[in-house]
Amino acid sequence: MVTASTPALLRKVFELELERGCTNAAVVGGLDRMLIQMAESGGLGQRKSLARQVSLLPDGGYRSLEPDARRAWLRTTIGAIGGDEPRPAKTTKAVVPERSTLTVDSSVERLPGVGKAGAARLAKLGVESAGEAVFFFPRRFNDFTDLRPISELEPSKAAQTVLATIWAVREVRYGRRVKATEALLRDKSGALRVVWFNMPFVARALTEGDEVVVSGRVRVYRGRLQMENPEFEPFDSDATSAGKLVPVYPASQGLSQRTLRRAIGAAVETLADVVPDPVPAWLRERERLPKLSLAIRALHQPGSQADAENARQRLAVGEFLAIQVAVLLRRARWQEGRTAPVLSLADRLGPFLESLPFPLTGAQTRSLDEILGDIGRPEPMLRLLQGDVGSGKTVIALAAMLAAVRSGYQAALMAPTEILAEQHFRSLSLLLGGEEVSPLEGVTAPAWLGRPLRSVLLTGSLTAAQKLQVRGDAAHGGADIVVGTHAILEDSVALPRLGLAVVDEQHRFGVSQRAKLRQKGLNPHLLVMTATPIPRTLALTVYGDLEVSTIDEMPPGRKPVQTVWVQPHERDEAYGFIREHLDAGEQVFVICPLVEDSDVLDVRSAEEEYERLRNGPFRNYTVDLLHGRMNPKAKEEVMARFAGGAVNVLVSTSVIEVGIDIPNATVIVMEGAERFGLSQLHQFRGRVGRSHVQSYCMLFSTEEDPGPEARERLEAMVDTTDGFKLAEVDLAMRGEGEAWGTLQSGANTMLRVARLTDRDLLAQARGMAREVLARDPLLQRPEHRALAASVKPFLDRAAEAN
């Protein structure tokens with residue numbers, strides 16, 4: 001809400017209200033709200049003329065006046081408040097720099113309407129210079145070329161825009177604790193219900209009687225049209241009068257869209273022709289790309305949505321080019337001058353594969369060939385192995401580790417949690433010898449290898465004496481394979497003959513941890529594994545310095561997990577279904593998002609659910625509890641009981657997201673499923689379906705209608721078990737920034753318009769990057785200076801992490 005605190009500002013507010021036709025839209029919330037706030041803060045007492053004018057308003061305030069009466073009151077008030085302004089002892093004319101002197105390095109304070117306060121707010125948005133303002137692009141557009149009457153709205157996933165008056169607005173509750181804002185909007189053609197789920201604060205930003213522009217998806221709910229979670233802003237008559245696309249910028253409190261449009265427009269007008277283009281001129285001409293200045297202007301003030309998209313794609317090519325050059329340089333620098341051990345299984349590969357209890361799939365074979373090819377050369381391998389849950393990545397990693405051991409070197413496998421590290425150790429032991437072995441004495445003697453092999457487990461929960469023993473074995477050659485958590489990274493852990501490092505679930509580790517592991521041993525090869533399916537564009541950007549191997553098929557005989565969304569009124573029936581499977585000797589996971597009961601979220605905590613289930617629906621079965629706050633020994637004991645079949649139902653938090661392999665568990669229930677992200681839901685589902693028995697995933701929601709985004713996630717889970725398809729859906733739903741942040745790339749702050757769904761643009765940019773580096777490996781030519789400057793932040797970020 002704008003508060004005008006000086007006579008000069010007050011006059012500007014009232015004059016703006018006159019210019020806008022007395023629509024009560026000059027300030028957010030209307031003139032009455034501004035005047036009330038001034039009265040509460042004592043401001044009216046200092047403005048006697050204004051106080052007299054306010055006293056002349058009727059009980060209903062300014063908003064209750066007819067247009068002619070508003071106009072008369074405004075004119076009288078503008079004339080009256082001049083006498084309230086104190087006379088200064090001396091006047092000094094402010095010096096405003098000519099816009100022609102504006103440079104890309106000029107402070108945003110020099111842009112019209114910004115000032116010091118506005119500059120501080122823009123700084124919070126990452127905009128401190130006029131040049132940065134040029135690249136501060138709209139996050140969307142209000143499409144006033146297609147402004148629809150309410151009567152012409154129709155159900156659609158595409159956003160539709162309406163200009164209407166707020167007739168009613170209130171904060172509401174759905175269920176016990178889920179809050180929302182509900183508003184009724186009207187225009188001359190009809191009325192529309194609008195709901196902002198989980199956003200009760202919106203009610204405080206809307207005022208009955210004000211005109212607003214809302215833009216969002218419309219669906220049918222209980223026989224009536226309803227717009228859900230739309231974007232909104234106060235009606236700006238200047239912006240809409242021309243019937244055009246109006247930019248909506250990322251905003252900070254205290255910065256109106258009007259101010260942003262004016263300031264950024266000035267920066268673009270002056271500087272669009274002088275900001276450097278990362279795409280070299282020779283490459284731009286050959287690729288037939290428009291000039292950067294044209295794209296900048298078109299994205300700030302497009303003539304159509306198609307123009308805006310074309311401009312965005314032109315700018316995205318430049319952003320992708322910079323990051324692709326950066327990752328290719330990083331890969332070249334890592335491999336330059338470094339000699340890695342040459343590793344080979346040689347004649348032992350065939351016998352190893354024959355010893356497995358299952359044949360490899362085609363995708364596994366292809367991935368294994370790629371990895372063995374890499375580690376068979378003296379250049380350090382940098383490769384990502386990705387595959388859905390249960391696709392068989394561990395056996396491929398084991399084959400690579402055995403190549404290291406066969407060649408006289410050590411191998412290390414690092415996992416993000418103790419549970420996952422222990423799971424890997426057990427899996428390796430079973431694949432090598434057919435039975436579990438001691439984490440300290442893990443000696444197996446596969447006949448096909450021709451020598452004993454020793455594996456050890458290093459985690460934080462070992463005693464000091466046990467850690468000392470494992471570190472000694474690792475340092476002095478007694479350990480061939482070391483499996484562990486981040487404890488492997490400690491300086492006290494020496495791996496002098498490390499030839500291969502395997503990092504599982506890479507997104508759980510920072511880049512610096514990855515680099516620290518890589519520095520141990522003799523320039524070891526690096527294999528990164530993840531069960532989180534990554535869209536191709538994300539793999540080429542986040543993991544752009546790694547080659548990618550993908551296991552995109554499941555072992556034969558595995559039945560897809562059947563997934564169902566269970567609403568509150570269907571719970572009893574679902575519990576009956578679960579009891580049938582428990583009676584058949586199968587086991588069940590129940591996953592909760594919280595450890596303790598919450599007063600904020602309407603979801604069942606693990607502790608609450610544990611007590612409820614063991615005394616209610618599953619009172620005739622053994623129920624146990626697992627959560628992250630338990631000490632490692634207690635967690636291990638719970639998992640051992642569940643793995644051994646002594647526990648029928650395991651209630652757990654997200655600690656079981658990865659690493660738990662219980663083939664007899666055939667049902668997984670996710671409580672408060674709408675509270676989990678799509679990727680996490682899919683990871684949970686991967687805890688079942690690990691045998692030939694049909695498995696089930698039951699998504700329990702706490703509300704009949706959990707809101708549009710949650711509904712879309714749950715429906716996607718029901719529709720497909722393909723992790724790669726779900727990764728694309730997740731990417732589209734959550735947006736670029738969150739996807740980047742989840743995978744810790746750090747690059748999301750540097751990509752302004754490029755999207756991770758721009759597959760073709762990324763492929764084009766990668767080819768362009770290779771061509772540039774072939775011509776100029778160090779980016780030293782004058783025509784590549786702008787590109788080198790764009791690449792530098794990405795390289796600096798990587799250097800800081802390393």
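The values are calculated or read from the model by the stated rules, or taken from the named source; none is laboratory data. This one's a predicted model, so the numbers in the text were calculated from it and none came from an experiment. Please note: Cβ atoms are built from the backbone with ideal geometry, for glycine as well, and neighbour counts cover all protein chains shown. The accessibility values were calculated without ligands, DNA or RNA, using every heavy atom of the protein model including side chains. Shrake-Rupley method; radii C 1.70, N 1.55, O 1.52, S 1.80 Å.
A few comments on the model shown:
- Comparison of 164, 158 shows that the only residue that is at pLDDT below 90, part of a strand (DSSP E or B), aliphatic (A, V, I, L, M) and on the phi < 0 side of the Ramachandran plot is 158.
- Residue 788, sole failed condition from (1) closer than 18 Å to residue 332 by Cβ; (2) touching a residue at least 24 places away in the same chain (Cβ under 8 Å): (2)
- Filter pass, residue 312 being within 20 Å of residue 754 (Cα to Cα), among the basic types (Lys, Arg) and within 30 Å of the chain's Cα centre (by Cα): yes
- Just so you know, in region 439-458 the residues that are assigned to a loop (DSSP other than H, G, I, E, B), at pLDDT below 85 and in contact with a strand residue (DSSP E or B) (Cβ under 9 Å, 6 or more places away or on another chain) include one that is nearest to residue 418 (Cα to Cα), and it is 439.
- Restricting attention to region 124-155, the residues that are open to solvent by 40 Å² or more (accessible area, probe 1.4 Å) and assigned to a helix (DSSP H, G or I) add up to 6.
- Number of residues in region 276-306 that are touching a residue at least 40 places away in the same chain (Cβ under 8 Å), open to solvent by less than 20 Å² (accessible area, probe 1.4 Å), part of a helix (DSSP H, G or I) and under 18 Å from residue 139 (Cβ atoms): the value is 3.
- Verdict on residue 482 being assigned to a strand (DSSP E or B), open to solvent by less than 10 Å² (accessible area, probe 1.4 Å) and touching a Phe, Trp or Tyr at 6+ places or on another chain (Cβ under 9 Å): no
- Every test in (1) open to solvent by less than 30 Å² (accessible area, probe 1.4 Å); (2) over 25 Å from residue 718 (Cβ atoms); (3) at pLDDT below 90 is passed by residue 674 save one, and that test is (2).
- Of the helices (runs of 4 or more DSSP H) entirely within region 196-275, those holding at least 1 residues that are touching a helix residue (DSSP H, G or I) at 6+ places or on another chain (Cβ under 9 Å), within 24 Å of residue 183 (Cβ to Cβ) and open to solvent by less than 50 Å² (accessible area, probe 1.4 Å) occupy 237-240, 257-271.
- Among the residues of region 677-716, those identified as modelled with pLDDT of 85 or more, charged (D, E, K, R) and over 21 Å from residue 554 (Cβ atoms) are 711, 712, 713, 715.
- Any hit, region 168-185, residues being of a type in the set (D, E, K, R) and within 28 Å of residue 18 (Cα to Cα): no
- Scanning region 1-47 for residues that are over 18 Å from residue 257 (Cα atoms), basic (Lys, Arg) and either assigned to a loop (DSSP other than H, G, I, E, B) or modelled with pLDDT under 75 (or both) gives 33, 47.
- Residue match in region 172-189 (condition: under 19 Å from residue 250 (Cβ atoms) and either at pLDDT below 90 or not polar (S, T, N, Q) (or both)): no
- In region 307-347, the qualifying residues are those that are touching a strand residue (DSSP E or B) at 6+ places or on another chain (Cβ under 7 Å) and assigned to a helix (DSSP H, G or I), and the one that is least open to solvent (accessible area, probe 1.4 Å) is 308.
- Selected residue [buried (at least 20 other Cβ atoms within 10 Å of the Cβ) and within 24 Å of residue 387 (Cβ to Cβ)] from 701, 695: 695
- Residue within region 114-127 that is in contact with a Lys or Arg (Cβ under 8 Å, 6 or more places away or on another chain) and in contact (Cβ under 8 Å) with a residue 12 or more places away in the chain present: no
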